[in-house]
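Structure first, commentary second.
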Amino acid sequence: MSAALEPVPTREDLRYVLAHSAAPGRTAVVMTMGALHEGHATLIRAARSHVGPEGFVVVTVFVNPLQFGAGEDLDRYPRTLDADLALAKRSGANAVFAPSADEVYPGGEPQVRITAGPMGERLEGASRPGHFDGMLTVVAKLLHLTGPDVAFFGQKDAQQLALIRRMARDLNFPVEIVGVPTVREEDGLALSSRNRYLAPGERRTALALSRALFAARDRLIALEALHARALAQGAPTTPARVAALAGLGEARAAADAHAVE
C-alpha cells in the first residue's frame, strides 16, 4: 500500500504545491473539519471524477473556531489527521491542506467577516447564532487560498450548502459549487464525525429525523401518483378528491404491510 500524503501546513506551502502541480486540468476542493469518514470519501471521489485524472484535488482539514459557539465541542472535536491523510489519498486527493488556527487567522480572530444575513438566522442558525457567519468566513478564505474551479459540499448540511451557493453568487466567486448526496449508515443515520458522541438511546432518537423525512417523501410520491392517475382517468381533481385518494392509498399500504407481518 502506498504511503499517505504529507500534510500541507502553511499558506506558503500550499501556494508552492499548487504552483508546481503537474496536473494540467481543473482544480477541485473538498473542505472538511477532519475526522474523515465514508461521507468525506464520497465527496473526494466525486471531486476526482469531476476533474478527471488530469485534475488536481485539494482536501482541507481545519477545525474552524469561528463556527463554534460557547459551550460547543471545539476542544473535544475529534482530530485524526494521520487517518485523514490516508483516507484522502485512497479516495483520490492530491494534497491535504491542514493549517493551524494561527495560520488561517494570523493575529487572532478576523475583524472583518462574512455575514450570513437572514438566511443564517433561521433553522439551525436560530439556535446557533453566529455559526454560519463563521462558516462562510472560513469557506471564503479557503476558496481564496486554494483557488479552485469547483468546490464540493455534502447535501447533508443543507442550510450550509444553500448559504455557500448564495455567497458564491452574491459575491461573484469564480467557482462552481457542487452538492453531493448524503451518505448514510446502515440504519439510515447520516454519516457524521459527531455520531461517535451518541449513546444508544440518543442514536435511536436521532433516527426519527431521517425516518420522518423518508415518510414525508413517500407520502408526496404517493400523492403525486394518485393525482396523475386521477388526471389520466378524467376524474375531478379537487383537494378533497386528492385527499380521499391519498387516504385510500395509505389504507391499502397499511393493509399490505399488515399482511406481510
Going through (1) open to solvent by less than 80 Å² (accessible area, probe 1.4 Å); (2) in a loop (DSSP other than H, G, I, E, B); (3) in contact (Cβ under 8 Å) with a residue 60 or more places away in the chain; (4) of a type outside the set (D, E, K, R) one by one, GLY134 fails only at (2)
Just to be sure, is GLY107 more than 22 Å from LEU161 (Cβ to Cβ) and surrounded by fewer than 15 Cβ atoms within 10 Å (Cβ to Cβ)? yes
Taking segment 80-104 on its own, how many of its residues are farther than 18 Å from VAL63 by Cα, in a loop (DSSP other than H, G, I, E, B) and open to solvent by less than 60 Å² (accessible area, probe 1.4 Å)? 2
Set ALA88, ALA126, ALA95, ALA140: member being under 26 Å from GLN159 (Cβ atoms), of a type in the set (A, V, I, L, M) and in contact with a strand residue (DSSP E or B) (Cβ under 6 Å, 6 or more places away or on another chain): ALA88
Being closer than 18 Å to GLY125 by Cβ and hydrophobic (A, V, I, L, M, F, W, C) is the filter; apply it to segment 146-187 and report the residue that is surrounded by the fewest Cβ atoms within 10 Å (Cβ to Cβ). ALA158
When you scan segment 19-32, do you find a residue that is within 22 Å of PRO174 (Cα to Cα), modelled with pLDDT of 95 or more, of a type in the set (Gly, Ala, Ser) and in contact with a strand residue (DSSP E or B) (Cβ under 9 Å, 6 or more places away or on another chain), even just one? yes
Could you say whether any residue in segment 22-36 is open to solvent by 20 Å² or more (accessible area, probe 1.4 Å), in a helix (DSSP H, G or I) and touching a helix residue (DSSP H, G or I) at 6+ places or on another chain (Cβ under 6 Å)? no
Taking only pairs six or more apart or across chains, which ones have beta-carbon atoms under 6 Å, a first residue in segment 201-229 that is closer than 18 Å to PRO181 by Cα, and a second residue that is open to solvent by less than 70 Å² (accessible area, probe 1.4 Å) and assigned to a helix (DSSP H, G or I)? none
Filter segment 161-208 down to residues that are in a loop (DSSP other than H, G, I, E, B) and in contact with a strand residue (DSSP E or B) (Cβ under 7 Å, 6 or more places away or on another chain) and give me whichever is modelled with the lowest pLDDT. LEU191
Near pairs, Cβ below 6 angstrom, 6+ apart or cross-chain, from segment 21-40 (under 23 Å from VAL104 (Cβ atoms)) to any residue that is of a type in the set (S, T, N, Q) and surrounded by fewer than 20 Cβ atoms within 10 Å (Cβ to Cβ): ALA35/THR80; ALA35/SER193
Looking only at segment 195-210, filter to residues that are loosely packed, with under 12 Cβ neighbours inside 10 Å and not small (Gly, Ala, Ser); which one of those is nearest to ALA35 (Cα to Cα)? ARG196
Tell me which of these THR115 doesn't satisfy, since it passes every other one: (1) among the polar types (S, T, N, Q); (2) in contact (Cβ under 8 Å) with a residue 60 or more places away in the chain; (3) touching a helix residue (DSSP H, G or I) at 6+ places or on another chain (Cβ under 9 Å). (2)
Residues satisfying the stated conditions in segment 77-107, i.e. basic (Lys, Arg) and more than 22 Å from ALA46 (Cα to Cα): ARG79
Which condition from (1) part of a strand (DSSP E or B); (2) open to solvent by 40 Å² or more (accessible area, probe 1.4 Å); (3) of a type in the set (A, V, I, L, M) is the one that LEU213 breaks? (1)
Pair list, Cβ < 9 Å and 6+ apart or interchain, from segment 46-73 residues that are outside any helix (DSSP H, G or I) to residues that are buried (at least 19 other Cβ atoms within 10 Å of the Cβ) and among the charged types (D, E, K, R): GLY55/ARG48; VAL57/ARG48; VAL59/ASP84; VAL61/ASP84
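The values are calculated or read from the model by the stated rules, or taken from the named source; none is laboratory data. Treat the numbers as computed from the prediction; the structure is a model and nothing was measured. Glycine also receives a Cβ, built like all others from the backbone with ideal geometry; neighbour counts cover every protein chain displayed. These accessible areas exclude ligands, DNA and RNA; they are computed on the full protein's heavy atoms, side chains included. Shrake-Rupley method; radii C 1.70, N 1.55, O 1.52, S 1.80 Å.
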